[in-house]
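Peer 1: Handing you a structure now.
Throughout, read-outs are computed from the coordinates displayed, never taken from laboratory work. Everything numeric in this text was worked out from a predicted model, so none of it was measured. Counting neighbours? That spans all protein chains shown, and the Cβs are built from the backbone with ideal geometry, glycine included.
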Amino acid sequence: MQSTTLKDFEVIKKLGDGSFSQVYQVLRHSDSQLYALKNVKLGFLKSKEKENALNEVRILASITHPNIVPYKEAFYDEGSNSLCIIMELVSGGTLSHLIDMLKKSGSKLDESVIWSYINQMLKGLKALHDLKILHRDLKSANIFLTEDQKTLKIADMNVSKVAKGGFLHTQTGTPYYASPEIWRCDPYNAKSDIWSLGCVLYEICALKPPFVSTDKRDLFQKIQYGNFNRIPSHYSDQLQKIVMKCLSRNPNKRPSVEGLLKMIGENRKIVEKNEDLLRGYSQYNFLMKTLKFPKNPKSLVDILPKPNYQEKKKLSMFHGNAAVALSRDREFIDGILPIIENKPLRKIVRKKSKVVGDNKENMKPQVNNNVKMPKIKSRSRSPNILEEKV
């Protein structure tokens, strides 16, 4: 059987850039279907970074779940000396993109939508935690939406890791979403992902992270104190309670994924039976053995997981071109309007914001709404990756 190469795909457009990779929307010639292709240039990577790239393949290929971006194929392209990972194209953009659109339009998400998003993020995270996998970089930019904006899928497992002994020690993640224990370089476990989830939930509601600063040391202090403003008052106390539980400074006080799913079931009376549904998916997920990067990259063909395409009826050339044109021309806003309460928000003037968190005695952080991501000196190419101790 002939090995897959980049020539088997037509690049439609670039979707984004990572620390050591680029993601493209591509058309697969053999079935005329659209996919996402992550191109990892191996020539620029150190040994550890190559292992991380293979680790992402391993994790994606081990999990089948509706809230995890589906794996399709991985192959080595000799012509470009790159590892290519083919995934399902999730065309609704990221949560980060959605939040930006909400801020620009002066809109907000209906609370029922937020509860649905929480439920789905927890399910996806549970699929990882059931295999003792910590995501370690959960953030709004790594959570994708389907075109109708109703389904979430967790992506970017590049720094995810299996916690064999229960705890990990490597300091990694994105500063605004990193847990207090990671900032302190303490050992951490799955509860660190719960903190990151709490930051994402807060951001969906308030349209900004709970802890922001232009200075790294100041951000560290705010996260250690654990003080943050309440989510906007038009959201319920039950939703605020979930956020506060996730953002407890003490990891032992944060609930597990299972605990949060139980809380959601009690508070929002979600009809579906979470445990039964999740058991149906998790019983088919088995973590593949560790993939070791070979001395000769050509040998990758012998160790990479098998393709996992769902064969569909091949489109005619006319329909294939039409799909590409439609994808190029569709505006993002067309997909989100049905689920957003698209009304101007009343300007609410408060004398004093209510501060919540573990340590109410401390003064509340002075939040600057126009902050940019802090410039962090790092050994990686991305300023978003936290790798050094404060």
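Peer 1: Mind sorting R184, R58, R28 by how few other Cβ atoms lie within 10 Å of their own Cβ, fewest first? Numbers along the way, then the final one.
Peer 2: On the way: R184 15, R58 25, R28 19.
Placing the least packed residue first, the sequence is R184, R28, R58.
Peer 1: Students often get this wrong, so check it: of K7/K153; K41/K295; K161/K262; K14/K132, which have C-alpha atoms separated by over 21 Å?
Peer 2: Check vs 21 Å cut-off fails for K7/K153; K161/K262; K14/K132.
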